[in-house]
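Student: Just passing along the structure, written as structure tokens.
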């Protein structure tokens with residue numbers, strides 16, 4: 001019985017290892033990648049751009065652009081620190097004007113600590129604090 005449980009445990013660990021990718025493996029595949037998402041109108045067969053996501057040479061998402069039938073709907077850019085944590089997001093409107101800026105702080109373990117929300121002029125509007133509570 002113990003041998004069967006051991007074999008099953010090893011098999012499950014092996015399967016999860018083979019099926020899942022680590023974050024660094026996923027990031028490696030996204031280096032300098034641009035992903036375009038297209039929609040097609042079923043009635044007219046017209047194809048139109050829905051979304052573009054761009055990644056930098058380190059595999060981190062640096063820009064997301066959402067489109068509507070009239071053109072760009074919104075755009076978000078991302079900046080990272082030396083540890084690969086997003087420290088700033090800037091959201092733009094359809095005219096490519098900034099509408100919101102978010103900055104982030106992290107705890108030493110990498111979990112999010114604070115989020116600062118700024119107006120386009122740079123005025124601090126709100127802050128959000130993150131609290132992590134583990135049930136026993």
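The values are calculated or read from the model by the stated rules, or taken from the named source; none is laboratory data. Quantities reported herein were computed from a predicted structural model and do not represent experimental measurements. Neighbour counts are summed over all protein chains in view; Cβ atoms, including those assigned to glycine, are modelled from backbone coordinates with ideal geometry.
Student: Just checking, does region 19-33 include any residue being modelled with pLDDT under 90 and touching a strand residue (DSSP E or B) at 6+ places or on another chain (Cβ under 7 Å)?
Tutor: No: zero hits.
Student: Inside region 92-136, counting only strands (runs of 3 or more DSSP E) that do not spill past its ends, which hold 2 or more residues that are over 20 Å from the mean Cα position of the chain (by Cα) and within 19 Å of residue 79 (Cβ to Cβ)?
Tutor: 124-129
Student: Identify, please: which residue in region 51-72 is over 22 Å from residue 31 (Cα atoms) and loosely packed, with under 15 Cβ neighbours inside 10 Å and is, among those, modelled with the lowest pLDDT?
Tutor: In this case the residue turns out to be 69.
Per-residue answers, yes or no, for (1) under 15 Å from the mean Cα position of the chain (by Cα); (2) loosely packed, with under 10 Cβ neighbours inside 10 Å; (3) in a strand (DSSP E or B); (4) at negative phi:
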| residue | (1), (2), (3), (4) |
| --- | --- |
| 21 | no, no, no, yes |
| 26 | yes, no, no, yes |
| 37 | no, no, yes, yes |
| 43 | no, yes, no, yes |
